[in-house]
1. Between A:108, A:90, A:17, where does the largest GNM mean-square fluctuation fall for chain A, given springs only between Cα atoms within less than 10 Å?
2. For the charge dipole of the protein assembly as shown, defined by +1 on Lys and Arg C-beta atoms and -1 on Asp and Glu C-beta atoms about the Cα centroid, which residue among A:8, A:85, B:178 has the Cα displaced farthest towards the positive pole?
3. Of the listed peptides A:33-41, B:260-268, what is their order by residue-averaged count of other C-beta atoms within 10 Å, with the highest listed first?
4. With a 10 Å Cβ neighbour count serving as the proxy for reagent exposure, in which order, fewest first, do A:44, B:150 appear?
5. Would you please classify the overall shape of chain A from the alpha carbon gyration tensor, given that a ≥ b ≥ c denote the square roots of the eigenvalues, rounded means a/c under 1.5, and beyond that prolate means a/b larger than b/c while oblate covers the rest?
6. Pick from A:75, A:88, A:53: which is most flexible by mean-square fluctuation in a GNM of chain A where alpha carbon atoms under 10 Å apart are linked?
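Any read-out appearing in this document is the output of simple, stated calculations on the displayed coordinates, not a laboratory observation. If you're wondering where the values come from, they're calculated on a predicted model, not measured in any experiment. Quick reminder, even Gly has a Cβ in these numbers, built from the backbone with ideal geometry, and neighbours come from all protein chains shown.
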Amino acid sequence: MATKTKKNPPVNVSVSDTENVILTITIGNADIGGSEVKFGDSPDVLIRGKVTDFLVGKGAALRGRTLEITTNVLDVNPGTNKIVVTHDFDNANPSKSRYDDSVDADGDIYTLITSYVFI
Amino acid sequence: MKKLLTILLITCTSAAYGQDTTLRSLNDLYIPNSPGLILGDKSPSSVDKPTTPRAFAVSLINLAQGGALEVTPYWLKSKPNYTYTDWVKRKFTMLETFNISVASYKTNNTFTVAPGLRTQILRIFSKKSKDSLLKAEAELSFLLGAHVLDTAKINQKRDELRKIQVKGLFALEVAGAILGSSTDNSFKKMDLQKSGVWANVRWDPSDAPLSVVGLGRYSWAGSKLNNKSDSTFLDLGVSLSYVGRKIDLSAEYVSRKDYQANKRYGRVAVVLNYLLSENIILVASTGKNFSNVNDIIAVFGVKFGVSTQKAKL
């Protein structure tokens, strides 16, 4: 079981003061994945594992903070070694960030490290 | 006496393994993974598995020089919204599992190509299996969400997942392949020399240590250009496997209709494993091959040997 790691540059995400920002992480290609979500200025983990409709916070409280997301994907689909991960923010712009990559063999793990700066 | 017993034991064990290999090789009740590669009767040294449409096109062109190719077109393009949960719940999996395999061989005089298709039309997990798969997925997701990955636990959970995926399901698969040969490297004068069609129904109940497989297979060999037929068979078979705590029993029966000889005959094979202790398995096997003179392919016998591997059909 090999692990491939990809670290992406931070993405600026604009939010509105009054609206709640909600995060959903989708692991595509019928693979299995889990994520660790935390703010860059805190050691506390907000959520771990599957992330669906997770309330990150109100826009006003998020502005100026960085959200760090580490997503690990286990390639369980024998039909493809491609990996696709989508980070979906409700009430934010951009609302979707899609990451495409691949692993070398079935059973490998792909680690995606991303961060979002709320502005 | 001790020497005689040792020789007898070694002889019996060797004979047992020889016969079991024969029985195993006779088991055609499962559809081959790559029908195109199987029909060519040759094992390609490497199989090209393109992951993009462009790579697929390049691989196809390369086949003209000889080689092997295997691809599942549905996954050539990523499916960002197709989750593992969707895969478990989906019953009609024809597109996702539609697989193309092609092998080609080139010599000085001839060019042979064997394309094959395979797909799982239907796959229904029992409620128990579905629940177990989704539970295992959630557990794996949690493990994959850890700051430091516990790869040993992830591996263990993935193995559990694989085991659940083959139990508690009903599946219908079909496959087909043809083999053609040309003496002038042109498709116009390609002579169809072999063809085969497989259909396979599998039932693995989740609450019983049983597995039932039914197979229909049509195979033809000859020369279409010369209007010559060497063999035409229609096989209908069934296999039953029981895996208990100490006993494994596998049995299969295949009825063959030989259109050339206009005759029908059958083949039967049975393998029994009994786990005497952790390292000792008693094996008994017997069978009768296709033949109109009732050829026995393995004389019944109980074999004693030290082995950690169970013989399987």
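1. The residue with the greatest mean-square fluctuation here is A:17.
2. Of the listed residues, the answer is B:178.
3. Highest-to-lowest ranking by the protection proxy: A:33-41, B:260-268.
4. A:44, B:150
5. Judged from the Cα gyration tensor, chain A comes out prolate (a/c at least 1.5, a/b above b/c).
6. Taking springs between Cα atoms under 10 Å, the residue moving most is A:53.
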